[in-house]
Amino acid sequence: MRVEEARAVVISRDGGCVAPLLDPGAGRCHDRWGNEMPRRSRQSALDLEVDRIRDAPAMGKAPGHDDPSRMVALCPGHHRGVGPSGGVQWATSHRAEIREYLARHNGRSEERDGVHGDPLGSVDDG
Ligand SMILES: [Zn+2]
């Protein structure tokens, strides 16, 4: 998947910055100049950024920019600490919540391998 496609998939899936969704105390979203942004549903894709999340808090190379299952949409304020947060990055201090969120969205594809049922075989007409 190309980088631009992956970015579009992530922003469409998340529907805006995920910080207010995952953390009621995250505060308002801010654009790259520190101005308040509209609420999630009205945020423009042009104002949103994408953060890459490792599977575990271990050291190592960050995932690529082409894997939506390891990326989330964030406003510049929650991503980079722009605006009134004074440089405090919400994304960095809420990795666990973001991983849970991604796990929920990615769950289906991970469970697929374990399904071996035969739905027709279980039908019992009595
Ligand atoms: Zn935000």
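Summary of computed values
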read-out: Equivalent ellipsoid semi-axes, segment 1-92, via Cα gyration tensor eigenvalues times 5, rooted, Å; value: 21, 16, 11
read-out: Protein accessible area in segment 3-105, 1.4 Å probe - carbon and sulfur %; value: 52 percent
read-out: Residue-span extension gain [residue 54 to residue 21] - 0.36 nm each, minus C-alpha spacing; value: 9.9 nm
read-out: For residue 55, net neighbour charge (Lys/Arg +1, Asp/Glu -1) across residues whose Cβ lies under 9 Å away; value: +3
read-out: Gain in span if fully extended, residue 89 to residue 28, counting 0.36 nm per residue against the direct Cα distance; value: 20.7 nm
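The values are calculated or read from the model by the stated rules, or taken from the named source; none is laboratory data. Note that the structure is predicted; figures quoted are calculated from it, not measured. Counting neighbours? That spans all protein chains shown, and the Cβs are built from the backbone with ideal geometry, glycine included. The protein model used for the area step is the full one, side chains on, heavy atoms only, and it has no ligands, DNA or RNA in it. Shrake-Rupley method; radii C 1.70, N 1.55, O 1.52, S 1.80 Å.
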